[in-house]
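Peer 1: Questions regarding the structure given below will be posed in turn.
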Amino acid sequence: MSAGPLYGAVEGGGTKFVCAVGRSPTKLLDQVRISTGAPDETLGQVVEFFRKHPVDSLGVGMFGPLDLAAGATLRTPKPGWDDVPVRAILEAGLGVPVALDTDVNAAALGEQRLGAAQGADPCLYVTVGTGVGAGVLVGGRPLHGLLHPEFGHILLPVLPLADGTPDPFEGACPFHGRCLEGLVSGPAIAARTGRPGEDLPDDDPVWDLVGRYLGAGLAPAVLLLSPVRIVVGGSVSGRPGLLPRVRRSLAESLGGYLNHDALGDGIDEYVVPPGLGAGAGIAGALLLAQTALGSATSPVDDPPTV
Ligand SMILES: [Zn+2]
């Protein structure tokens, strides 16, 4: 009679935590949004939601940096969120296994299983919004390692402005200045132009720069990881006309060295928008919950549940 396990999914962001319940990532039954406040308060509300909607396991994709081995946050600019043992707090509050990963690794899982990266392995999921990050899947599994990939903080060369002079912007990252995040994130665009990106028209010259920097940033990722497809999501990436600039810049940055159609005529199918839109993260968190249940398995051998 059993309909199978019920899974909980949490997408933890800087402004909101989305909690959902479902038996498969494509059929979410209940969902709630919680404003991100202090950790005790926010995680307390997460526990409260899942006590009302009991699940067999929980998957959490959340902002980093994270110590994935310890299941905890690391030092972060978000007030109060340093060294919070998220996994232990949720396991103690709910009594079920909890899998914790980065928001971008969760989104990569969602896109590989159900979205625009199906059949692509390794694959890279990049988000450009308030921050810049990337999830990487190799053999169907999220890449962890020392910590986890921190793609947003790779350093980039100074590109010329449209008039040929060097870009004078010093970047907005408090750690590195001109890293990718310091050049193309929402706050970086606002720091450069004095206006929020949403207020800038599609033909503002800043979008050309953003596209060129993002393409230049993808080049080392392609060289190092050899991804079979790159999904580019996030609020900034949704700007009309940006992805073609990114593709062009990526191809130019590689200088014709990689002799593959994906970097040539096939580049429109190589650097693609998300198939799940903004739903990749929560779908991926539910896939993480499936792996947390143990028997089930890793995302790579778990059969599709669509
Ligand atoms: Zn940085």
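Peer 1: Please find the FRET efficiency linking ASP163 to ALA278, where r is the Cβ-Cβ separation and R0 is fixed at 51 Å, and quote it to the nearest 0.05. Walk me through the numbers before you get to the answer.
Peer 2: Values: r = 37 Å, r/R0 = 0.72.
Using R0 = 51 Å, I get an efficiency of 0.90.
Peer 1: Further question on the same structure: May I ask for the distance between the Cα centers of the stretch 1-38 and the stretch 162-214, given as a whole number of Å?
Peer 2: 34 Å
Peer 1: Right, here's the next one. Across the Cα atoms of the stretch 197-246, what radius of gyration and what greatest pairwise Cα-Cα distance (Dmax) are found, in Å?
Peer 2: In order Rg, Dmax, the Cα atoms of the stretch 197-246 give 11.8, 36 Å.
Peer 1: Using DSSP, restrict attention to beta bridges with both residues in the chain and report what percent are antiparallel, rounded to the nearest 5.
Peer 2: 60 percent
Peer 1: Any chance you could run the full-extension gain for VAL138 through LEU258? It's 0.36 nm times the residue separation minus the Cα-Cα distance, nm to one decimal.
Peer 2: On the way: separation 120, 0.36 × 120 = 43.20 nm, distance 2.03 nm.
Computed gain between VAL138 and LEU258 is 41.2 nm.
Peer 1: Continuing with the same structure: Give the calculated FRET efficiency between ARG248 and THR130 to the nearest 0.05, with a Förster radius of 35 Å applied to their Cβ-Cβ distance.
Peer 2: 0.85
Peer 1: While we're on this one: As an exercise, use a Förster radius of 30 Å and the Cβ-Cβ distance of SER226 and ALA70 to find the FRET efficiency, rounded to the nearest 0.05. Could the numbers behind the result be given before it?
Peer 2: Numbers: r = 30 Å, r/R0 = 1.00.
For R0 = 30 Å, the calculated efficiency reads 0.50.
Peer 1: With 5 Å bins from zero, work out the P(r) of the stretch 116-274 over every alpha carbon pair and list the percent per bin.
Peer 2: 2, 9, 19, 23, 21, 15, 8, 3, 0
Peer 1: So if each residue of separation counts as 0.36 nm, and I subtract the Cα-Cα distance between ASP268 and GLN45, what length gain in nm does that give?
Peer 2: Details: separation 223, 0.36 × 223 = 80.28 nm, distance 4.20 nm.
Value of the extension gain: 76.1 nm.
Peer 1: Take HIS53 and ARG33, extend 7 Å from each Cα along the Cα→Cβ direction, and tell me the distance between the two endpoints in nm.
Peer 2: 1.4 nm
Peer 1: What is the order of GLU11, GLU269, fewest Cβ neighbours within 10 Å to most?
Peer 2: Working: GLU11 28, GLU269 11.
By the 10 Å Cβ count, ascending: GLU269, GLU11.
Peer 1: Related question: Can you tell me the order of 175-183, 130-138 when each peptide is scored by its average per-residue count of other Cβ atoms within 10 angstrom, highest first?
Peer 2: Numbers: 175-183: 21.6, 130-138: 24.6.
Ranking, from highest mean packing down: 130-138, 175-183.
Peer 1: Please list, short to long, the whole-number percent of alpha-carbon pairs of the stretch 120-205 in consecutive 5 angstrom bins beginning at zero.
Peer 2: All Cα pairs, binned at 5 Å, distribute as 3, 14, 19, 20, 18, 11, 8, 6, 1 percent.
Peer 1: Related question: Quick one: dipole size for the chain, taken about the Cα centre, charges +1 on Lys/Arg Cβ and -1 on Asp/Glu Cβ, in debye to the nearest 20. Present the calculation step by step, with values, prior to reporting the outcome.
Peer 2: Numbers: 20 positive and 32 negative charges, 79 e Å.
Using only the charged Cβ atoms, the result is roughly 380 debye.
Peer 1: Continuing with the same structure: Hey, rough spin-label estimate for ALA191 and LYS78, points 7 angstrom out along Cα→Cβ, what's it come to in nanometres?
Peer 2: 2.0 nm
Peer 1: Let me ask something else about it. Tell me, what HN-Hα J-couplings in whole Hz come from the Karplus equation 6.51 cos²θ - 1.76 cosθ + 1.60 at θ = phi - 60° for each residue of the stretch 168-174, using x for Gly and Pro?
Peer 2: x, 5, 8, x, 10, 7, x
Peer 1: Here is a follow-up. Towards the positive end of the charge dipole of the stretch 116-274, with charges on Cβ (+1 Lys, Arg; -1 Asp, Glu), say which of GLY264, LEU223, VAL136 has the farthest Cα.
Peer 2: Projecting each Cα onto the dipole axis, the largest value belongs to VAL136.
Peer 1: Which value, in Å to one decimal place, does the Kirkwood hydrodynamic radius take for the stretch 67-128 when every pair of different Cα atoms is included? Don't skip to the answer; put the middle values down first.
Peer 2: Numbers: mean 1/r = 0.0744 Å⁻¹.
Mean inverse Cα-Cα distance, inverted, gives 13.4 Å.
Peer 1: Further, regarding this structure: Based on the alpha-carbon gyration tensor of the stretch 1-135 and its eigenvalue square roots a ≥ b ≥ c, which shape applies: rounded if a/c is under 1.5, prolate if not and a/b is larger than b/c, or oblate? Intermediate results must be reported in sequence, preceding the final value.
Peer 2: Working: a/c = 1.68, a/b = 1.00, b/c = 1.67.
Oblate.
Peer 1: How would you classify the stretch 88-157 from its alpha-carbon gyration tensor, with a ≥ b ≥ c the square roots of the eigenvalues: rounded for a/c under 1.5, else prolate if a/b is greater than b/c, otherwise oblate? Show your work: numbers first, answer last.
Peer 2: On the way: a/c = 2.07, a/b = 1.38, b/c = 1.51.
It is oblate, given that a/c is not under 1.5 and a/b is not larger than b/c.
Peer 1: Next question, about the same structure. How would you rank SER226, SER235, going from fewest to most other Cβ atoms within 10 Å of each one's own Cβ?
Peer 2: On the way: SER226 12, SER235 15.
Exposure proxy ranking, most exposed first: SER226, SER235.
Peer 1: Still on this model: Would the stretch 173-220 count as rounded, prolate or oblate if I go by the C-alpha gyration tensor, calling it rounded below 1.5 in a/c and otherwise prolate when a/b exceeds b/c, oblate otherwise?
Peer 2: On the way: a/c = 2.90, a/b = 1.26, b/c = 2.30.
It is oblate, given that a/c is not under 1.5 and a/b is not larger than b/c.
Throughout, read-outs are computed from the coordinates displayed, never taken from laboratory work. Keep in mind it's a predicted model, so treat the numbers as computed, not measured. Here Cβ is always computed from backbone atoms with ideal geometry, including for glycine, and neighbour counts include all displayed protein chains.
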